[in-house]
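The values are calculated or read from the model by the stated rules, or taken from the named source; none is laboratory data. Quick caveat: nothing in here was measured; it's all calculated off a predicted structure. As a convention, Cβ positions derive from the backbone with ideal geometry for all residues, glycine included, and neighbour counts pool all protein chains shown. Just the protein is used for accessible areas: all its heavy atoms, side chains included, with ligands, DNA and RNA removed. Shrake-Rupley method; radii C 1.70, N 1.55, O 1.52, S 1.80 Å.
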Amino acid sequence: MTRRPPTLSDVARRAGVSYATADRVVNGRAGVSEKASRSVHAAIEALGYVRNVAAANLSQQRVYRFGIILPAGSNAFFRRVQALFDEAASRLKADRISLSIESVEAFDAQALTAKMAALADARMDGVAVVASDDPRTTAAIAELRARNIPVVTLVSDVPSSQRDAYVGIDNVVAGRTVGRLIGMAHGGRAGRVLPVVGALSARDHAERLAGMREVLGGEFELAPVVEGRDRFELVETLVREALSRDPEITAIYSAGAGNAGLVRVLEALPPGTARPYVFLHELVPHSRRALEDGLIDVIIDQRPEEEVARVVEHLTLLADRRALLRTDPIVPTIFVRENLPQEPAGALERAG
């Protein structure tokens, strides 16, 4: 005869407490004495009780409420990420998951922490945030965690914070990959690389540049870093000035966004001008067109569809106090003109 698994009633009986008290302990709710809590946990250990999360959620008619904070602006990559979260929000309603998708100005730590504080006050079941590596952001994450609200960082990590998990690529490895590709493109010749970032304060951008520097040999020089704030108009102006001022540039690595501006500069090069090798991030409409037209050479894409799916999975597991299934970095895809996937139907050209 197969022995039935222990139930919460069994736990309550062994611990010498009421079913309601055992239920409070198992589901992490307040109002239980330390002594009773210890007794319940001892009973769980002795009986091998495993909480049936699905049954508990169903009986409580629980709805997961998750907050997602993304950078605002013309960044085509984050517009794509927002669209994917919007699609997920509609699809996940049937699974009793509610996504509140918020936006703040990119690189504005004060606005970001204010939004995080608002989500803390709203008692969300979890928060995912594209975070800046700033003491105010670290403090805001700590405040969310102090209120037992799980936090997942997305795209850009803050490993020194109390965040529960990071979803995204290994940005140092991505930069190292670009460094290797730059060296291969030059075929053993010396070169001068123009780095373009949104801001050096953005950890993902800084890590990508650091990775590139690790791989590039002594035969390569770096031009002064362009900080375009992920705004395509500013990137266009600054890159045009850099190329005009420094004709020795042989390669451009754009580790951030605003690449529609970079593409405009490349399109405007005088006929017969040898363009630099160009490496950038994210497969979005304007970068696809540029790759197809031979204006750029390589796109490193961090697979936002996978990132969105993992964020929802992580937040749900963390809200249920269960172990994460996947914690490894997402492996990016390297696109050249020859391996571009079929363009999604209805894709629109967007600035970014």
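Brief remarks on what is shown
- Each residue in segment 310-330 was checked for being among the hydroxyl-bearing types (S, T, Y) and assigned to a loop (DSSP other than H, G, I, E, B), and 1 of them qualify.
- Segment 1-41, subset within 40 Å of the chain's Cα centre (by Cα) and acidic (D, E), residue surrounded by the fewest Cβ atoms within 10 Å (Cβ to Cβ): E34
- Residues of segment 68-94 satisfying the condition of being more than 15 Å from the chain's Cα centre (by Cα) and touching a residue at least 24 places away in the same chain (Cβ under 8 Å): G73, S74, A88, L92
- Among residues of segment 332-351 that are open to solvent by 80 Å² or more (accessible area, probe 1.4 Å), those with a beta-carbon under 8 Å from a residue that is among the basic types (K, R) and at pLDDT 65 or above at least six positions away or on a different chain give the pairs E349/R289; R350/R79.
- Residue match in segment 101-116 (condition: closer than 22 Å to Q302 by Cα, open to solvent by less than 20 Å² (accessible area, probe 1.4 Å) and of a type in the set (F, W, Y)): no
- Remark: pairs (first residue in segment 294-311, of a type in the set (V, I, T); second residue part of a loop (DSSP other than H, G, I, E, B) and open to solvent by less than 30 Å² (accessible area, probe 1.4 Å); Cβ separation under 8 Å; 6+ apart in sequence or on different chains) = I299/E282; I300/E282.
- R65 vs. criteria among the basic types (K, R), closer than 26 Å to E305 by Cβ, surrounded by 22 or more Cβ atoms within 10 Å (Cβ to Cβ) and touching a residue at least 12 places away in the same chain (Cβ under 8 Å): no
- Cβ-Cβ contacts under 8 Å between residues 6 or more apart (or on different chains), taken from a first residue in segment 154-177 that is free of Cβ contacts under 8 Å to residues at least 12 places away in the same chain and farther than 14 Å from I69 by Cβ to a second residue that is polar (S, T, N, Q) and open to solvent by less than 20 Å² (accessible area, probe 1.4 Å), are absent.
- As a summary of the residue check, S132 satisfies the conditions (1) under 29 Å from G261 (Cα atoms); (2) part of a helix (DSSP H, G or I) except for the one numbered (2).
- Test: residue in segment 258-266 that is of a type in the set (S, T, N, Q) and open to solvent by 30 Å² or more (accessible area, probe 1.4 Å): no
- Where P159 falls short, out of the listed (1) assigned to a loop (DSSP other than H, G, I, E, B); (2) under 27 Å from V239 (Cβ atoms): (2)
- Enumerated helices (runs of 4 or more DSSP H) restricted to segment 24-107, each holding at least 2 residues that are at pLDDT 90 or above: 34-47, 76-92
- Any hit, segment 267-276, residues being without any contact (Cβ under 8 Å) to a residue 60 or more places away in the chain, more than 18 Å from V178 (Cα to Cα) and among the basic types (K, R): no
- Tally, over segment 117-127, of residues that are surrounded by fewer than 20 Cβ atoms within 10 Å (Cβ to Cβ) and in contact with a Ser or Thr (Cβ under 9 Å, 6 or more places away or on another chain): 1
- Residue within segment 287-298 that is open to solvent by 50 Å² or more (accessible area, probe 1.4 Å), in a helix (DSSP H, G or I), closer than 29 Å to V263 by Cβ and touching an Asp or Glu at 6+ places or on another chain (Cβ under 9 Å) present: yes
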